[in-house]
Amino acid sequence: MKPIFSPTRLLVFAFTWMLAAPFAQAQLDRVYDLQGDNVSGAVVERSKDGVKLEKAGAIKDFKAGEISKIMFEGDPASLTKARGFALDGQYDQALTELKKVKLNTINRDVIKEEVAFYYAMCEAELALSGQGKIDDAARRLIEFAGANRDSWHFYEAGKLLGDLALASNNSEQALKYYKSLENAPAEATKIEARYLQGLVQLKLKQGNAAVADFDKILGLKSQTTQIVRLQTLSKAGKAVALAIQGNGEQANALTDTLIAELNPEDVEIAARIYNARGASCEALDDIEGAIMAYLHTHLMFSVQPDAHAEALKRLVELWPRVGKPERAAQARQELQSRYPGF
């Protein structure tokens, strides 16, 4: 009786196994930075501070706050689509794809964690734009953070919780969440934490405290793209704070500079600059100028929910002062329908 495996067959089998083994054992995850560059390898460790990627025996650290996304080996196609939609601001489409994901077919916990985060993120962003309940979105984020304390999305969840708290006028809770971001490993996230605390001070009409927060950012010498952007946002915030203090001329001069350098493609910055212009005009009792500024936000940058809601709120109060109560009624109706409870 012939042996099942002849020596020749054994050699062929062994050679084939040796060739196939590295590919069978290799894991291909891909980490993308904020510039879109990526490195592939195996994510071997993760925490709220970031991930460690192994490639060819070497370990590379990626900090939370400096990662745009991670594509994991084994990601369901619907998760890949949902992640793309979510990062592009198309939250409804992202949720539609996430609902197609079958968690019982996923073998890696980190992928289940991704599904949970993007689900919570999309619900939060939709709630902030008036398309969902803030309390429900906050509960889902808290559940995510509690169950996934080692997720590199941990600080993102904290920032969103602060946004939700601020939108529901819970300034104390918003400050708590934003302050927690100072523990993040990335320098830009720590600076953003200070900027966000400045926004809370604006909400509280604490002009002096807000100026102090924004000035700390404006005094930084680091010139990374993220930090330069935060400095521009801080100038807009400072203009509002100066207006709150009654320094309308200074606020107006600052917004003149910002408008001259405006990039209309950055909707958040543009909306905040024009709202700052509106505040500076109000401080100077230039009601028509204020209306024109807030109309810029309303008509051109309405996809920035919090700034748009603020612009509508100011228009409700300002239109009657120029004899147009019907325009105030229109603004009020849109405010109540798009941002209920604002």
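Key figures for this structure:
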| item | result |
| --- | --- |
| Of the criteria (1) more than 12 Å from Leu202 (Cβ to Cβ); (2) more than 21 Å from the chain's Cα centre (by Cα); (3) surrounded by fewer than 21 Cβ atoms within 10 Å (Cβ to Cβ), which one Gly278 fails | (3) |
| Residues of the stretch 176-194 satisfying the condition of being β-branched (Val, Ile, Thr) and either modelled with pLDDT under 95 or crowded, with 22+ Cβ neighbours inside 10 Å (or both) | Ile191 |
| Lone qualifier among Ala307, Ala270 - being at pLDDT 95 or above, among the small types (Gly, Ala, Ser), over 22 Å from Ala165 (Cα atoms) and not in a loop (DSSP other than H, G, I, E, B) | Ala270 |
| Top-ranked residue of the stretch 134-175 - restricted to ones that are loosely packed, with under 15 Cβ neighbours inside 10 Å and of a type in the set (Lys, Arg), ranked as modelled with the lowest pLDDT | Arg149 |
| Options Ala212, Ala186, Ala167; residue that is of a type in the set (Gly, Ala, Ser) and touching a Leu at 6+ places or on another chain (Cβ under 9 Å) | Ala167 |
| The stretch 164-191 - residue that is out of contact with any helix residue (DSSP H, G or I) (no Cβ under 6 Å at 6 or more places or on another chain) and among the acidic types (Asp, Glu) and, of those, farthest from Pro340 (Cα to Cα) | Glu187 |
| Selection status of Lys176, touching a residue at least 24 places away in the same chain (Cβ under 8 Å) and closer than 24 Å to Gln231 by Cα | no |
| Selection count, the stretch 92-131, where residues are surrounded by 18 or more Cβ atoms within 10 Å (Cβ to Cβ), in a loop (DSSP other than H, G, I, E, B) and at negative phi | 3 |
| Subset tally (residues that are surrounded by fewer than 17 Cβ atoms within 10 Å (Cβ to Cβ) and either closer than 17 Å to Arg277 by Cα or in contact (Cβ under 8 Å) with a residue 40 or more places away in the chain (or both)) for the stretch 310-336 | 2 |
| Close pairs (6 angstrom Cβ cut-off, 6 or more residues apart or separate chains): more than 22 Å from Gln27 (Cβ to Cβ) and aromatic (Phe, Trp, Tyr) in the stretch 67-96, buried (at least 19 other Cβ atoms within 10 Å of the Cβ) and at pLDDT 95 or above anywhere | Phe85/Ala94; Tyr91/Cys122; Tyr91/Glu125 |
| Number of positions in the stretch 228-267 that are surrounded by fewer than 18 Cβ atoms within 10 Å (Cβ to Cβ), β-branched (Val, Ile, Thr) and either under 18 Å from Ala193 (Cα atoms) or modelled with pLDDT under 95 (or both) | 1 |
| Residue within the stretch 75-83 that is buried (at least 18 other Cβ atoms within 10 Å of the Cβ), within 17 Å of the chain's Cα centre (by Cα) and either among the aromatic types (Phe, Trp, Tyr) or within 30 Å of Asp266 (Cβ to Cβ) (or both) present | yes |
| Count - residues of the stretch 106-149 that are closer than 20 Å to Leu181 by Cα and either among the acidic types (Asp, Glu) or without any contact (Cβ under 8 Å) to a residue 24 or more places away in the chain (or both) | 8 |
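For (1) touching a strand residue (DSSP E or B) at 6+ places or on another chain (Cβ under 9 Å); (2) over 20 Å from Tyr155 (Cβ atoms), each residue gets a yes or a no:
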| position | (1), (2) |
| --- | --- |
| Gln35 | yes, no |
| Val44 | yes, yes |
| Lys48 | no, no |
| Val51 | yes, no |
| Asp61 | yes, no |
| Gly65 | yes, no |
| Glu73 | yes, yes |
| Ala82 | no, yes |
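The values are calculated or read from the model by the stated rules, or taken from the named source; none is laboratory data. Here the structure is a predicted model, which means the values were calculated and not measured. Please note: Cβ atoms are built from the backbone with ideal geometry, for glycine as well, and neighbour counts cover all protein chains shown.
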